Amino acid sequence: MTTARTPTRNRGNRRAEILDAAARLFAARGFHGVSIEDIGAAVGVSGPALYRHFAGKEALLAEMLLDVSSRLRESAAAVVTSAATPAASSAETLDALLDVQITFALEQPALITVHDRELGNVPEPHRRRIRRLQRLYVEEWVTVLAELHPGCPAARLRAATHAVFGLLNSTPYSAGELPSRDMRPLLRAMARAAVDAAVNVR
């Protein structure tokens, strides 16, 4: 089975630089506590120069959350597609999906915080597109879990997936005391236990 792709961007891209800086600022101060000038200063340009890349702060937030939702969904789809081989087991595919989400949770805590707090500030129809990408991401997980637990109702598998995301995405608050090398196996073990508990509950 091929290794799961890590949901990351091209770091040499100026737009990616701006999005990363804005995510850190929005996470620290909130969307309404950050100005275009603040974001420009964080990447070494004037605030008005950012308008060459984004129409405004709301457009920047929308692209930020669309980008990460798209990357996660594409990474999960790649995992599931690569698993369509005789040598790949459903358990291995689930492990690869966990790697995708755990890597995101450990490496992008600012984006988790921004999504949790600021999705309501994203204009429509961008918010609908983000929600659609997130639903597609969940369904990639449900497809794999259904192969592992064929007798479990899809609604329960979907609920279990959301619960696992909640557990893993707690890293902005829970990962401060342990290095990534220790958090990764801990998160994996807890996520697998959560899935097993959810599908076996009576």
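The values are calculated or read from the model by the stated rules, or taken from the named source; none is laboratory data. What you are looking at is a predicted structure, and each value in this text was computed from that prediction instead of being measured. Cβ: placed from backbone, ideal geometry, glycine included. Neighbour counts: every protein chain shown. Just so you know, the surface numbers come from the protein's heavy atoms only, side chains and all, with ligands and any DNA or RNA stripped out. Shrake-Rupley method; radii C 1.70, N 1.55, O 1.52, S 1.80 Å.
Which one, PRO172, ALA59, ASN200, is farthest towards the positive end of the dipole of the chain when Lys and Arg carry +1 and Asp and Glu -1 on their Cβ? Value: ALA59. Extension gain, GLU37 to SER90: 0.36 nm times the residue separation minus the Cα-Cα distance gives 14.2 nm. Helix 154-168 and the longest principal axis of the C-alpha atoms of the chain enclose an angle of approximately 50°.
Between the helical axis of 180-200 and the longest alpha-carbon principal axis of the chain there is an angle of about 50 degrees. Put simply, the Cα atoms of the chain extend 56, 37, 32 Å along their principal axes, the longest span coming first.
Contact order for the chain, expressed relative to its length and based on alpha carbon pairs under 8 Å spaced 6+ residues apart, stands at 25 percent. For region 41-100, with all protein chains in place and a probe radius of 1.4 Å, 55% of the accessible heavy-atom surface sits on carbon or sulfur. Provide, for q = 0.12, 0.13, 0.14 Å⁻¹, the log10 of I(q)/I(0) from a solvent-free Debye sum over equal Cα point scatterers in region 38-134. Listed by q, the Debye log ratios stand at -0.52, -0.59, -0.66. Between ALA189 and SER82, the modelled label-to-label distance comes to 2.6 nm, taking each label 7 Å out from Cα in the direction of the beta carbon. Taking VAL144, VAL80, VAL34 as the candidate residues, the one with maximal mean-square fluctuation in a Gaussian network model of the chain, Cα springs under 10 Å, is VAL34. Based on protein heavy atoms only, the chain ends up with 50 Å² per residue of surface accessible to a 1.4 Å probe. Taken about its Cα centre, the chain carries a charge dipole of roughly 340 debye when the Cβ of each Lys and Arg holds +1 and the Cβ of each Asp and Glu holds -1.
Treating r as the C-beta distance of VAL45 and ASN200 and R0 as 45 Å, the FRET efficiency rounds to 0.25. Once Lys and Arg get +1 and Asp and Glu get -1 on their Cβ, which of HIS126, ILE112, LEU148 lies farthest toward the positive end of the dipole of the chain? So the residue we want is HIS126. Mind giving me the FRET efficiency for SER174 and ARG14? R0 is 30 Å, r the Cβ-Cβ distance, nearest 0.05 is fine. With R0 = 30 Å, the Cβ-Cβ based efficiency is 0.35.
Comparing GLY176, GLY166, GLY40 in a Gaussian network model of the chain (Cα springs below 10 Å), the most mobile by mean-square fluctuation is GLY176. When restricted to Cα atoms, region 110-202 yields an Rg and a Dmax of 15.2, 41 Å, respectively.
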